[in-house]
Amino acid sequence: MRIVLRWLLAVGLVPLLLVGCGTSPAPTELTPSPALRRPAAAGPTPSLPIARAIASPSPGRSLAAGGNGNGQAAPAFVLQSPAFPVGGPLPADFTCDGLGTSPPLSWSGAPPGTAAYALLEQDTDVMVGSEPFTQWLLYNMPRRVTQLGAGMPARLVLTNGSQQGKNSDQTIGYDRPCPNKGDPPHHFTFELYAQDAFVTLETGATVEAVRDALAGHVLGQAQFIATFQR
């Protein structure tokens with residue numbers, strides 16, 4: 001009887017063992033959370049040397065911008081008049097209320113490589129087309145010229161070799177400032193450009209022609225402003 005019971009128990013356990021030993025289901029693959037995922041490879045990152053190369057000025061430009069090649073600051077390029085202070089009013093002698101002659105000017109500290117100068121005076125409170133009203137225009141002034149006396153004549157070519165252009169009244173030489181009476185103070189800019197070479201222009205050129213000719217030939221600029229009110 002015991003033998004029969006043992007046989008029955010053994011036979012009944014076989015299915016259970018077979019079920020327990022069956023193939024286990026494949027484990028579910030865990031998807032990493034976004035915080036653990038490695039970012040996808042982006043395009044190539046620009047190297048620092050390239051960025052520095054773009055930002056670094058060329059040696060010639062840095063010299064013109066204020067260096068003298070020896071690690072020392074170059075002298076400032078300065079334009080001024082001995083007849084009135086920078087930012088001050090124009091004396092009557094240089095306007096239509098007086099003699100109407102051109103004011104004396106002097107300058108110093110031209111950038112290295114300067115071959116000539118151009119001078120432009122404009123009334124920034126009066127526009128003629130796209131340009132302020134031009135009072136005075138000179139160009140191709142030789143490098144040796146560092147001042148202009150008062151009362152420069154209305155000649156196409158001055159004795160110092162400078163060429164004179166047209167003012168906005170279409171005459172040659174200095175056009176005396178003469179704003180309308182009662183106007184607020186007008187502002188007159190005196191701008192001096194250092195040229196790296198003489199430019200090819202006929203005498204009596206317009207301000208637009210001079211600007212076009214000077215494009216790419218300006219080493220530095222000095223300027224000041226004067227005012228005038230009637």
Residues of region 95-112 that turn out to be buried (at least 16 other Cβ atoms within 10 Å of the Cβ) and in a strand (DSSP E or B), as a count
2
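Per-residue answers, yes or no, for (1) buried (at least 22 other Cβ atoms within 10 Å of the Cβ); (2) at pLDDT below 95; (3) acidic (Asp, Glu); (4) in a strand (DSSP E or B):
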position	(1), (2), (3), (4)
Thr114	no, no, no, no
Glu121	yes, no, yes, yes
Thr124	no, no, no, yes
Tyr139	yes, no, no, yes
Ala150	no, no, no, no
Asn160	no, no, no, no
Asp169	no, no, yes, no
Tyr174	yes, no, no, no
Right, Gln195: under 20 Å from Pro82 (Cα atoms) and either within 30 Å of the chain's Cα centre (by Cα) or at pLDDT 95 or above (or both) or not?
no
Scope region 113-144; condition under 17 Å from Val218 (Cβ atoms) and touching a Gly at 6+ places or on another chain (Cβ under 8 Å); matching residues:
Thr114, Leu137, Leu138, Tyr139, Asn140, Met141, Pro142
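The values are calculated or read from the model by the stated rules, or taken from the named source; none is laboratory data. Only a predicted model underlies this, so the values are computations on that prediction, with no experimental measurement involved. Using ideal geometry, Cβ is built from the backbone for each residue, glycine included, and neighbour counts are taken over all protein chains shown.
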